[in-house]
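What follows is a set of notes on a single structure, which appears directly below.
Just so you know, all these numbers are worked out from the coordinates, no wet-lab data involved. Remember, it's a predicted structure, so these values are computed and weren't measured experimentally. Ideal geometry is used to build each Cβ from the backbone, glycine not excepted, and the neighbour counts take in all protein chains shown.
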Amino acid sequence: MDFTLKPVFLLTIVLLYVAINVNAIRTKDKMYENIDASKACFRRLNATHQIGCTSKRGGSTGVIHYCRSQSDLDFILKNGTAPPYVPVIPTNLFTMSNVNRLKQSSKISGVLLYAGDENPDYFTHEQQCPNPESSLKGTCKASSVWNPHGTGLLYQDIPFPVFFVENEETIKFAKECFDKYNNHSFSTQRDRSLCSLQLTSFMYAATNSSTCIRRSNMITNLNPVKFCDPLGDNNAWASLFPLVRGPNLTEPIRDVGYIVVAARMDATSMFDKTEGAISPVTGLVALLATAKYLKTILPTDENFTKNVLFVVFNGETYDYIGSQRFVYELLKGNFPTKSKEFLPEIRMDDIDLFIELSQLNKTETVVAHYLSGTKLKDFLLKLRTNKGDLSFDEAEDSLPPASVHTFLKNRTNLPSLVLADHRGPFLNPFYNSVYDNASNLHYKYLNLTKDDISQSDNIQTHVQKVATMLAKSLYLEITAKSYQGPEDVADLQFIDELFHCYLENANCRVHQAIQKLELNTQPISLYIGVEVAPNFITTLIGLTLGWVTGDVTGPGNRNCTNEPKNYALRYYNMSRSLDDLNTTMCYRITMNFTEAVSPAFIIDGYDWSSGQYSTWTESIWGDIKLRVFLKPSAAHENMTIAVGSMVFILALLLVYFVKSRAHILFAPQLPTLAPTSC
Amino acid sequence: MDLSKVPNERKLYLCRWYFRAGLALLPFIWTVNAIWFFNEAFRKPEYAEQKQIRKYVVYSGIGSLIWAVIIITWVTIFQINRTNWGEFADNISFIIPTGSP
């Protein structure tokens with residue numbers, strides 16, 4: 001074979017062999033095992049504090065210690081010999097006292113929480129008085145707080161990462177690893193390899209909102225970094241009758257009184273999993289059912305002097321973001337729109353009555369909370385008349401945390417009441433937590449058809465009774481006559497379907513009736529999220545509200561458009577009914593969205609220390625992940641470094657020696673004499 | 001550039017101009033000047049231009065030291081007090097570290 005081809009040939013054979021046989025797994029995938037489906041606790045900030053958790057930059061590592069009971073946790077805090085640890089604890093051990101001990105101990109670098117087999121009795125980390133700064137003073141008395149089991153952990157600054165996994169299956173690998181490597185001979189743990197967890201949830205923002213917003217807005221170099229985002233989304237509102245009249249519906253109706261029926265639509269929890277069954281979904285479904293029923297029994301405006309505004313506020317859990325912005329715009333004359341030409345200007349004084357639907361679980365009574373007022377006695381009487389077989393009670397001089405507080409701060413004589421399921425403290429043991437889900441409500445999907453009735457006493461029939469009571473009272477208030485027509489109760493099928501949509505499966509009949517996108521078969525989270533990433537559930541709730549308060553103007557086809565453009569109304573093709581999703585009709589809808597971002601972020605030069613508006617922001621983060629690996633003992637790691645350094649120094653010495661004696665070691669090639677030519 | 005192959009006037013010329021360039025608030029040029037010409041100024045046998053070269057090397061060395069003291073003092077003060085100074089510190093920062101107050 002030719003001299004020059006041989007190495008090339010050899011090289012080709014070697015490369016082919018390697019390419020065929022090598023299995024290209026990255027080294028890091030052989031070391032780490034990722035745990036997906038984990039939710040992290042992340043950092044939020046307000047004008048004065050930071051709350052939530054963060055890991056170290058690049059992730060916090062710690063040795064796994066699986067705890068089943070308090071004694072396991074105590075053991076590791078007292079006798080752990082190979083810190084730092086990451087205890088894996090069930091949710092019933094996640095209490096204020098344990099978290100304080102974990103914070104003070106220097107042995108803990110993170111916590112992994114799992115939902116144990118039994119639900120705890122109480123699991124709410126909201127404060128005992130929710131929204132203390134933005135609610136009216138004196139409505140949360142120290143002798144009877146609203147959320148007595150609230151630990152306030154949601155508002156604590158925790159210096160280590162906390163992750164949550166829903167079931168133990170996902171951490172099966174970690175448990176097996178723990179049993180194999182860690183769970184024996186604890187006194188000699190330092191000397192062997194241990195199964196460890198790495199929790200990565202590094203948060204960029206720090207200190208408080210004003211600092212991180214200021215830093216995000218500063219352009220100091222060509223690569224600006226954002227530190228935090230304001231919390232925000234949209235509110236949705238709709239009017240029972242259009243706000244305009246006339247042959248082309250272009251004339252705004254002025255000088256009318258408004259009754260506002262409100263509910264909130266957001267929830268929160270320490271981890272990014274919020275279904276919010278009792279708060280807010282019961283109130284939200286009651287509002288939508290009331291709107292639908294009221295529209296059925298009172299379809300057209302025959303020159304009544306009152307209109308009803310249904311408003312769904314977003315962000316109320318975080319110092320009433322939605323209602324504060326709503327009131328701010330209302331006072332500036334910007335509601336419903338800035339221009340007065342197409343829609344009437346609605347002012348604070350035009351609101352005759354404010355009714356809020358708060359938590360409405362099926363408890364003994366439905367309680368109407370109000371601060372004292374005379375106009376209310378009228379309406380309360382109407383509610384009592386229409387209550388049917390509901391048990392109705394009144395609580396004077398009492399007002400649970402609700403959007404109405406923002407309105408009352410600006411107009412103290414506004415007649416307002418809050419309908420709730422509790423007379424004193426909340427009856428919801430899982431307020432604003434991961435456990436406030438369908439089983440907390442004892443909700444079962446009934447899958448009804450139209451006009452079905454349900455024999456048993458469940459949350460659907462309870463909400464039906466509340467909606468019926470409220471709608472009939474509103475009918476009486478608007479028309480001054482009792483309702484005598486055929487439709488006796490609110491739509492039970494609609495209520496059942498709505499609960500199914502919000503708590504079990506977002507790709508449900510109601511959401512298919514109002515829009516065409518296929519959705520995930522999971523409930524959509526009700527957390528407000530950041531302003532720059534709007535939550536789709538807001539659009540869905542708004543469209544549902546529009547659907548039930550809208551008027552049908554014809555069959556659903558391409559002619560259903562807003563031409564010529566009417567600024568007061570929208571036109572959508574939506575299904576005619578839940579039983580008949582394929583037939584669409586053209587709906588003329590009075591619904592619109594308004595921005596639910598705190599005025600603190602839009603006012604130039606806002607004074608962050610004034611405490612006037614909500615200032616909540618959410619930190620930006622890079623990766624959030626959780627993985628298991630085997631960490632070598634400290635002695636092993638030290639030896640690795642020592643061997644490496646020795647090799648390095650030896651190599652340096654060797655190269656120095658070889659270089660200085662190169663003229664001896666490598667004899668120079670003498671040039672061969674050129675052959676004499678012939 | 002191998003200084004052993006450069007004539008003496010050229011060495012003086014270089015040393016002098018390095019010193020003058022460093023006056024434009026460029027302490028690293030002085031440091032380079034002091035180190036590069038150190039052998040020429042103090043170790044080589046005597047020659048005509050060596051006295052002047054020595055002068056420039058000494059001045060460059062002293063200048064570098066003063067700058068080092070100033071820079072180290074400022075960096076220490078800033079690192080310790082950046083958090084306390086709040087908005088002012090952010091305004092004079094080029095890169096603000098994430099995740100810390």
>> What does the structure give for A:202-215 when I average, per residue, the other chain Cβ atoms found within 10 Å of the residue Cβ?
In response: 3
> Any idea how far the Cα center of the stretch A:439-514 sits from the one of the stretch A:661-677, in Å?
Replying inline: 101
>> Taking every DSSP beta bridge with both residues inside chain A, roughly what % is antiparallel (nearest 5)?
In response: 60
>> Applying a 10 Å radius around every beta-carbon, put A:317-326, A:599-608 in order of their mean neighbour count, most first.
In response: A:317-326, A:599-608
>> If I fit a long axis through the Cα atoms of helix A:283-297 and take the longest principal axis of the Cα atoms of chain A, what angle between them do I get, 0 to 90°, rounded to 10?
In response: 40
> With each pseudo-label sitting 7 Å past Cα toward Cβ, what's the A:Asp29-A:Asp397 distance in nm, one decimal?
Replying inline: 6.9
>> Order B:53-66, A:41-54 from most to least packed using the mean count of other Cβ atoms within 10 Å.
In response: A:41-54, B:53-66
>> Under 8 Å for C-alpha pairs, at least 6 residues apart: give me the relative contact order for the stretch B:3-90, rounded to a whole percent.
In response: 28
> Cross-link partners among aspartates and glutamates for A:Lys175, C-alpha distance below 17 Å, same-chain residues fewer than 8 apart left out?
Replying inline: A:Glu33, A:Asp36, A:Asp72, A:Asp117, A:Glu166
> Structure shown: which of A:Lys292/A:Lys340; A:Lys56/A:Lys107; A:Lys172/A:Lys625; A:Lys180/A:Lys631 lie over 24 Å apart, alpha-carbon to alpha-carbon?
Replying inline: A:Lys292/A:Lys340
>> Below 8 Å between Cα atoms, with a sequence gap of 6+, how large is the relative contact order for chain A in percent?
In response: 20
> Stretched out fully, how many nm does the piece from A:Val225 to A:Thr188 gain, at 0.36 nm a residue minus the Cα gap?
Replying inline: 8.7 nm
>> For a bin width of 20 Å, list the pair-distance distribution of the protein assembly as shown built from all Cα-Cα distances, rounded to whole %.
In response: 13, 35, 26, 15, 9, 2, 0
>> Counting only other chains, and only Cβ atoms inside 10 Å, what mean value do you get across the residues of B:89-96?
In response: 4
>> Ignoring everything except DSSP H segments at least 4 long, calculate the 222 nm mean residue ellipticity for chain A; use -39,500 (n - 2.57) per segment, divide by total residues, nearest 500.
In response: -8500 deg cm²/dmol
>> With N set to the number of residues, divide the alpha-carbon radius of gyration of the stretch A:429-571 by 2.2 N^0.38 Å and report two decimals.
In response: 1.23
> Cross-link list A:Lys659/B:Lys44; A:Lys295/A:Lys377; A:Lys375/A:Lys472; A:Lys295/A:Lys382; A:Lys306/A:Lys481; A:Lys141/A:Lys375: which exceed 21 angstrom alpha carbon to alpha carbon?
Replying inline: A:Lys659/B:Lys44; A:Lys295/A:Lys377; A:Lys141/A:Lys375
> List the aspartates and glutamates whose alpha-carbon lies under 17 Å from that of A:Lys409, not counting same-chain residues fewer than 8 positions away?
Replying inline: A:Glu133, A:Glu316, A:Asp319, A:Glu329, A:Asp349, A:Asp350, A:Asp352, A:Glu356, A:Asp397
> If you take the Cα atoms of chain B, find Rg, then find the Kirkwood Rh from the mean of 1/r over all pairs, what is Rg/Rh?
Replying inline: 1.22
> What FRET efficiency, computed as 1/(1 + (r/R0)^6) with R0 = 35 Å and r the Cβ-Cβ distance, is obtained for B:Ala24 and A:Phe648, rounded to the nearest 0.05?
Replying inline: 0.30
>> If the only charges are +1 at each Lys and Arg Cβ and -1 at each Asp and Glu Cβ, what is the size of the charge dipole of the protein assembly as shown around the Cα centre, to the nearest 20 debye?
In response: 3880
>> Can you give me the angle between helix A:375-385 and the longest principal axis of chain A, using Cα atoms only, in degrees from 0 to 90, rounded to the nearest 10?
In response: 90
>> Going by average Cβ density within 10 Å per residue, which order do the peptides A:581-594, A:169-182 take, highest to lowest?
In response: A:581-594, A:169-182
